[in-house]
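**Q** Structure below; questions to follow.
Nothing in this text is a laboratory measurement; each read-out follows from the coordinates by a stated rule. These numbers were taken from a predicted model, which means no experiment stands behind them. So basically every Cβ, Gly included, is an ideal-geometry build from the backbone, and we count neighbours across all protein chains shown.
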Amino acid sequence: MTHMDYDNEPERSELLVVQGTEPFNAEPTADALVEFEQTPEDLVYCRNHSPVCEYPEETYLLTVKCGDATVLKISVPELRSLPKAQVVAVLQCAGNRRKEMGAIKPVNGVAWADGVVANCKWGGVRLCDVLKRTRVSLGDYAHVCFASYSTFCQDDKYYGASIPMNKAMTIHDDVLLAYEMNDEVLSADHGGPLRVVVPGYLGARWVKWVDTIIISPEESPNYYQQRDYKVLPPEVDSKAKAASLWSKFPSMTALPLNSVVASITATPMPESPMFSIFVKGYALPGPLSGGNVSAVEVSVDDGASWTPATVTYQKGKWSWTLWEVSIDRVPRTGTVYSRAKDEAGNVQQREGLWNLRGVAYSAWGVKYWNFDSRGLPTVLVALPPTARFGHQSSAEHPRLHDLRLLHYAFDAVLISTVAAGVRRSSGFTLNSELISEPNLRSAADKYLGVGESIFDMIQATAVNSSYFKRDTKGHR
Ligand SMILES: Nc1nc2c(c(=O)[nH]1)N[C@H]1C(S)=C(S)[C@@H](COP(=O)(O)O)O[C@H]1N2
Ligand SMILES: [Mo]
């Protein structure tokens with residue numbers, strides 16, 4: 001596309017793992033996410049197909065059209081004077097867990113781990129209230145289309161999506177035009193001054209910087225509604241095969257019932273080579289007909305037996321569910337699976353369906369562990385007191401200061417591994433110039449690549465980043 005200007009991007013949270021900068025795409029780690037019932041803004045993922053647009057709220061205008069006719073123009077200050085609605089709803093990208101699906105067979109798209117999920121409180125005006133003000137005979141139209149003409153996108157001249165009129169007009173479906181997130185003014189990164197909030201639907205329909213609404217007999221013609229965000233059958237395994245098929249498959253609406261294992265911490269059991277593990281995670285509701293999550297279970301014996309987890313948070317029908325569970329007498333290495341159930345009795349299935357775009361992956365949640373004799377993940381043990389991250393020493397670092405468990409083993413490979421881990425999970429980069437011992441300094445630089453690959457290995461096979469999760473706002 002012709003014009004995409006990345007010169008005015010806002011400042012971003014250091015807590016996100018950056019997947020791409022133009023456009024900006026970044027996610028937090030799942031173990032940090034589950035520390036908060038309501039996701040704080042600095043842990044809310046960013047998903048863009050274009051540069052981020054910044055507009056002053058006072059002059060921001062929304063246009064509502066029916067066909068070619070403009071049927072309403074309303075400013076954000078005017079929207080703010082209408083009755084306000086608030087809803088807690090989980091925003092999730094259809095590509096959440098794509099990396100896991102990609103391990104089955106390569107898929108197209110950003111290799112998201114399991115952090116493109118945010119449980120926020122959204123404030124704004126109900127879409128149905130705005131649509132009613134147009135005096136259009138709404139029942140004659142099947143769809144409500146949203147557009148942000150503010151900028152070109154990677155695949156189309158604007159970003160667009162649509163939802164069925166029915167969804168828009170059902171008051172209990174809580175579709176909003178939001179100007180607030182977590183009781184604060186909606187930031188540019190998350191679609192401010194105005195974005196669409198469609199509880200229960202994939203994030204792609206939650207159009208950011210929405211400037212135009214079109215009441216229409218048809219779905220949005222936009223690329224992201226018509227030729228993306230669809231679950232193609234598994235035999236469609238190339239872009240060429242997909243090309244003629246997009247129009248034959250429905251646009252995605254709700255995402256499937258899902259759960260993810262976010263963190264595992266271990267305690268050695270007295271007088272025994274076995275451990276007790278504490279497992280935390282999140283679960284997500286499927287289609288509305290199933291209701292919200294009613295239970296989550298975990299298995300450490302490959303699904304032969306299941307232990308119920310304790311649900312520690314759920315709010316209303318659109319929120320995520322947080323859960324945790326302790327399991328005693330597990331060996332030094334193992335695998336924990338999670339599965340969610342909903343109010344209608346649906347159960348999350350073991351396998352996820354592979355599809356070309358890597359969307360809607362919902363196999364059992366899974367995490368592996370591999371502890372040393374003290375219950376520590378086997379490699380992350382070293383950090384010299386002189387190592388500095390950004391401007392802070394390891395002791396001052398908000399996410400590292402209470403890592404009592406770290407031994408100051410002066411081993412460059414270990415330092416590099418920790419450095420790679422810290423960088424991945426918090427965005428901080430090791431400033432090796434500030435390591436006082438010259439030998440160690442050059443070695444740490446030299447081994448950074450090794451550290452990166454060790455860290456990748458740990459991420460794939462063990463549980464590590466719980467050591468990096470507590471920040472100043474964090475609590476247990
Ligand atoms: N205008 C616009 N709206 C958009 C997008 C976009 O690229 N442009 N991305 C969509 C997708 S795919 C998702 S998952 C969510 C992400 O919202 P967030 O960046 O606030 O987390 O916004 C949706 N709305
Ligand atoms: Mo998305």
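**Q** For the stretch 53-127, which GluC sites (Glu not before Pro) pass both filters: DSSP loop (anything but H, G, I, E, B) and at most 15 other C-beta atoms within 10 Å?
**A** Qualifying residues, ordered by number: 54, 58.
**Q** Per-residue HN-Hα couplings for the stretch 72-78, Karplus 6.51 cos²θ - 1.76 cosθ + 1.60 at θ = phi - 60°, whole Hz, x for Gly and Pro?
**A** 6, 10, 9, 8, 5, x, 5
**Q** Using only the Cα atoms of the stretch 258-370, what are the Rg and Dmax in Å?
**A** Both quantities, over Cα of the stretch 258-370: 14.8, 50 Å.
**Q** Using DSSP to call loops (not H, G, I, E or B), can you name the GluC sites (Glu not before Pro) in the stretch 270-366 whose Cβ has at most 13 other Cβ atoms within 10 angstrom?
**A** Answer by residue number: 271, 351.
**Q** What whole-number distance in Å separates the alpha-carbon centres of the stretch 57-131 and the stretch 143-179?
**A** Each part reduced to its Cα centre gives a spacing of 7 Å.
**Q** Label residue 235 and residue 333 with points 7 Å out from Cα along Cα→Cβ: what is the distance between them in nm?
**A** 4.0 nm
**Q** Quick check: pseudo-label points 7 Å beyond the Cα along Cα→Cβ at residue 58 and residue 5, how many nm apart are they?
**A** 2.2 nm
**Q** Let me ask something else about it. How would you classify the stretch 17-248 from its alpha-carbon gyration tensor, with a ≥ b ≥ c the square roots of the eigenvalues: rounded for a/c under 1.5, else prolate if a/b is greater than b/c, otherwise oblate?
**A** oblate
**Q** For the stretch 207-326, what ratio Rg/Rh do Cα atoms give with a Kirkwood hydrodynamic radius?
**A** 1.14
**Q** At R0 = 60 Å, how high is the FRET efficiency between residue 370 and residue 218 if r is their beta carbon distance? Nearest 0.05 is fine.
**A** 0.70
**Q** For residue 301 paired with residue 137, estimate the spin-label separation in nm (one decimal), with each label point 7 Å from Cα along the Cα-to-Cβ line.
**A** 6.5 nm
**Q** Amide H neighbours of residue 161 under 5 Å, at least 5 residues apart or on other chains, H built in the peptide plane: list them.
**A** Amide H neighbours of residue 161, under 5 Å, 5+ apart: 146.
**Q** Could you give the length gained on full extension between residue 154 and residue 105, defined as 0.36 nm per residue of separation minus the Cα-Cα distance, in nm?
**A** Gain on stretching residue 154 to residue 105: 15.2 nm.
**Q** Here is a further query. Starting from the stretch 209-238, pick out the GluC sites (Glu not before Pro) whose DSSP state is loop and whose Cβ has at most 12 other Cβ atoms within 10 Å.
**A** 218, 235
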